[in-house]
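Reading through the structure tokens given below for one structure.
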Amino acid sequence: MTIKIFGHKAPDTDATCSALIWEWYLRDVQGKPARAHVLETPNTEARFVLERWGVDMPETLGPLAEGDEVVIVDTNNPAELPENVNDASIAEVIDHHLLAGGLKTRGPIKITIRPVAATATVMHWLIGRDMDKAPDAIKGLMLSCILSDTLEFRSPTTTPTDRAVAQKLAEDLGVDIPAYAAEMFAAKSDVSAFSDAELLTMDSKLFDVGGRKLRVSVLETTAPGVILDRKAGLMSAMDDVAAADGIDQVLLFVVDILNQEATLLVPNDFVRTLAEKSFGASVDGDSVVLPGVMSRKKQIIPSLKT
């Protein structure tokens, strides 16, 4: 049976590429049948990375059958996974997020969750000396994951381990980190092909905060003006997206990578009150700038109050 490897819905660079990294490790190093998958179409940055390193896009995961052997990467939250994931035979979880709870397994499994910025950093540690066997494409994917999730070391989630691994990989590959990261972020910032509703779900996670169901969406960009110019359309689309999800509200944070700040769109009084309670912000208008806010995991979610 082929092991199916996949990350979370709305796949970003880390979820997409970590599945491919682990496919290489299981298949080429451990000699196990394994195949990487995505749950949905990855974002523009992930697609750029795959093309840059000459790696094919993983197939989209079809319906899981009962007993399918799976490895879950870059999440452990059932809300971000196929509905019937607990019917599968979960063999391993590799992640760097908080333990969400809700996954059920058929027996003891391997679980590795480490407090670093990227799942690829965790994998670098797990692979160990076998990294010497890794082709440049795998090292390139790993470097890309770390630069993406740390926002080129600007994010407060960045650890010395992330930085050291990235610098070693870049040295091995002959890659200039600032130049390559700029290319990645430019690809991530190109959102011209996406509808307002698609932008609201492109990089988002569902959370229950104070009894309210929220979709917390983050768009990281070096060109925030391009997104903020679409502010009216984005706020108009929020109600339809919330209704389709069966949730209370969509929150959209536009993260300015270069200026290291986030802009939260404020479509109604609920979000205005949330911004004031959560971030101590003074809201005047339909958006508010939150200086220094870069990370959903470390700064946004822990701060949210309804």
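Coordinate-derived values only; no laboratory data. It should be emphasised that the depicted structure is a prediction, and the values quoted were computed from it without experimental measurement. Cβ placement follows ideal geometry from the backbone for every residue including glycine, while neighbour counts extend to all protein chains displayed.
So the values come out like this:
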| item | result |
| --- | --- |
| For the stretch 110-172, fraction of C-alpha pairs farther apart than 17 Å, in % | 32 |
| For the stretch 176-253, average projected area of the Cα convex hull in nm² | 5.7 |
| For residue 3, distant residues with modelled amide H under 5 Å away | 34, 35 |
| Ranked list, fewest to most other Cβ atoms within 10 Å of each Cβ, for 26, 252, 214 | 26, 214, 252 |
| Shape of the stretch 8-73, Cα gyration tensor, a/c cut at 1.5 | oblate |
| Scaled radius of gyration (Cα, divided by 2.2 N^0.38 Å) that the chain gives | 0.98 |
| Cross-link partners of residue 139 among lysines (Cα-Cα below 18 Å; sequence separation of 8 or more within a chain) | 168 |
| Amide H partners (placed H, <5 Å) of residue 40, local residues excluded | 10 |
| Neighbour-count ranking [beta-carbon atoms within 10 angstrom, fewest first] of 99, 61 | 99, 61 |
| Given 16 as the ceiling on other Cβ atoms within 10 Å, longest exposed-site-free region of the chain for GluC sites (Glu not before Pro) in DSSP loops | 84-306 |
